[in-house]
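Report on the structure given below.
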Amino acid sequence: MRTATTQMRFFQRIVKGETMGLKIFFDGKLVNKEEAVVSVFDHGLLYGDGVFEGIRSYGSLVFKLSEHIDRLFESAHTLMLKIPMTKVEMSKAVIETLQANNLSDAYIRLVVTRGVGDLGLDPRKCKVATVFIIADKIALYPKEYYERGLTLATVPTVRNHPEALNPQLKTLNYLNNILAKIEATNAGVDEAILLNTQGYVTECTGENIFFVKGRALVTPPPYVGILKGITRDAVMKLGAEAGLHVREDVFTRHDLYTADEVFLTGTAAEIVPIAKIDNRVIGEGKPGRTTLRLMKAFRTITTMEGTRYDLPAVTRSGK
Ligand SMILES: Cc1ncc(COP(=O)(O)O)c(C=O)c1O
């Protein structure tokens, strides 16, 4: 039985919302967020040795779940990182995490690290990968971003060379992107454009980039050094369905400055219009007609396509 004091403390914790904490999928089971703790010897922490995915669910539909799981396994394959679960188990774990947290609209972070090793780099010392999944309420970008359009600047840090750390791998080593983000903030703009070592446009710190010129919809090809975004793929399909001439092409900042419209795509940001780049006004300096049309079409597919799951949650113990 609880004493009056422990009962009072328990009550205070409920009032503060502490007992309503998140459930995290951590190494095969759902645990309270406080119990989801990674060792200081985990190579994900020591060396950024690991892979991750960011996924979204809309109205109890996980958008492009199998595409995200495939990309996770492909990144891990190139790193020779063995994920101790099958793709089916991983998909089930994502759904269970959403259900355990009773989330219908969520941002899901899936992380696989090399696991616990010693202080050396050798990944062979890490016997089992650490796997965790966090599902939380989606923190939406401010509405005005979509209404006024973002400002961008090209930054001095160049995108990782594909023969060094290929941007097609979604690894835990995001310092290239973080340095670019710092430079964008220092320049007083919302987001950074990274060029590659040859001066061609690659992408932003967490989004792919597109421009519209007449009926053409253009985005850089993966070999210039980009993450092959899943939203990017979806938008290329939507563009083709809308009758645009969609193509992957190498291009320079000049092509962006002189485009009719520019927008970014990503799981978290969805489609976000661009108003200015390096102080040049893009098009009319506000979200363009094609961008707005694609934003609407994208919103429609997120309400219709995806892996459906049921709520309210049934916890693993069945209580
Ligand atoms: C560097 C980078 N580029 C592009 C994207 C957009 O990819 P996706 O549409 O799959 O979220 C992301 C986000 O995952 C990213 O981190």
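Every number here is computed from the coordinates shown, using simple stated rules; none is lab data. Owing to the predicted nature of the structure, the values given are computational and were not obtained by experimental measurement. Using ideal geometry, Cβ is built from the backbone for each residue, glycine included, and neighbour counts are taken over all protein chains shown.
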Q: Please pull out the direction-averaged projected area of the range 4-138, using the convex hull of its alpha-carbon atoms, in nm² to one decimal place.
A: 9.5
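Above 36 Å lies some portion of the pair distances; for the chain, what is it as a whole percent of all C-alpha pairs? If you can, show how the numbers build up before the last one.
On the way: 12534 of 50721 pairs.
Here the long-distance tail beyond 36 Å is 25 percent of all Cα pairs in the chain.
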Q) With springs only between Cα atoms under 10 Å, which of Lys143, Lys87, Lys213 fluctuates most in a Gaussian network model of the chain? A) Lys143
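Can you give the translational diffusion coefficient of the range 143-302 in µm²/s, computed by Stokes-Einstein from the Kirkwood radius over Cα pairs at 25 °C and 0.890 mPa s?
Rounded to a whole number, D works out at 159 µm²/s.
Given the range 116-218, report the % of alpha carbon pairs whose separation exceeds 24 Å.
Values: 2261 of 5253 pairs.
So the pairs more than 24 Å apart make up 43 percent of the total in the range 116-218.
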**Q.** Net dipole in debye of the chain [+1 Lys, Arg Cβ; -1 Asp, Glu Cβ; about Cα centre; nearest 20]
**A.** 820
Q. What residue among Thr113, Thr267, Thr252 shows peak mean-square fluctuation when the chain is described by a Gaussian network model with Cα springs under 10 Å?
A. Thr252
Q) Once you put a point 7 Å from the Cα of Val37 and another 7 Å from the Cα of Arg215, both along the Cβ direction, what distance in nm separates them? A) 6.2
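Pulled fully out, how much extra length does the chain show between Thr86 and Asp136, if you take 0.36 nm times their separation in residues and subtract their Cα-Cα distance?
Result for the pair: 15.7 nm of gain on full extension.
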Q: Just need the relative contact order of the chain here, percent rounded to a whole number, with Cα pairs under 8 Å and 6+ apart.
A: 19
Q: Please label the shape of the range 216-267 as rounded, prolate or oblate, based on the square roots a ≥ b ≥ c of the eigenvalues of the alpha-carbon gyration tensor (a/c under 1.5 means rounded; beyond that, a/b larger than b/c means prolate, else oblate).
A: oblate
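Given Cα pairs under 8 Å that are at least 6 residues apart, what percent is the relative contact order of the range 143-302? Working shown, then result.
Details: 335 pairs, mean separation 40.6, N = 160.
Rounded, it is 25 percent for the range 143-302.
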Q. In nm², what is the average projected area of the convex hull enclosing the Cα atoms of the range 198-244?
A. 3.5
Q.
Only Cα pairs within less than 10 Å get springs; with that Gaussian network setup on the chain, which residue of Asn279, Asn173, Asn208 has the largest fluctuation?
A. Asn279
Q: Sticking to Cα atoms, compute the Rg of the range 85-145 to one decimal and its Dmax as the biggest Cα-Cα distance, whole number, in Å.
A: 15.9, 48
